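Below is one structure, written out as structure tokens; comments come after it.
The values are calculated or read from the model by the stated rules, or taken from the named source; none is laboratory data. Every value quoted in this text rests on a predicted model; they were computed, and no experiment measured them. Note: ideal-geometry Cβ built from the backbone for every residue, glycine included; neighbour counts use all protein chains shown.
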């Protein structure tokens with residue numbers, strides 16, 4: 001995230017704008033993606049802190065596991081989008 005933030009900020013600083021305007025635009029461009037990554041990290045942390053003996057993912061019916069796999073693929077594709 002930090003590298004992406006730096007790249008976007010550097011590109012914005014190349015423009016002839018006041019620093020307040022640059023920072024406002026940077027925040028607008030980065031906020032949604034940062035929140036997306038933060039939420040994904042939180043959810044991953046919750047999953048990894050479950051009791052490993054429970055094997056919780058297998059507790060879901062196959063059709064639910066399929067939906068979860070599709071959602072994971074969507075999230076992975078979104079993370080791969082260019083900044």
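Below, the figures for the structure above:
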{"item": "Neighbours by Cβ (under 9 Å, 6+ apart or cross-chain): first from the stretch 36-56, at positive phi and part of a loop (DSSP other than H, G, I, E, B); second surrounded by 10 or more Cβ atoms within 10 Å (Cβ to Cβ) and modelled with pLDDT of 75 or more", "result": "none"}
{"item": "Residues located in the stretch 58-83, provided they are over 30 Å from residue 30 (Cα atoms) and not in a loop (DSSP other than H, G, I, E, B)", "result": "58, 59, 62, 63, 64, 65, 66"}
{"item": "Subset of the stretch 2-35 [touching a residue at least 24 places away in the same chain (Cβ under 8 Å) and either more than 14 Å from the chain's Cα centre (by Cα) or not in a helix (DSSP H, G or I) (or both)]", "result": "7, 8"}
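Residues checked against (1) touching a strand residue (DSSP E or B) at 6+ places or on another chain (Cβ under 8 Å); (2) surrounded by 11 or more Cβ atoms within 10 Å (Cβ to Cβ); (3) modelled with pLDDT under 95:
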| residue | (1), (2), (3) |
| --- | --- |
| 1 | no, yes, yes |
| 6 | no, no, yes |
| 18 | no, no, no |
| 29 | no, yes, yes |
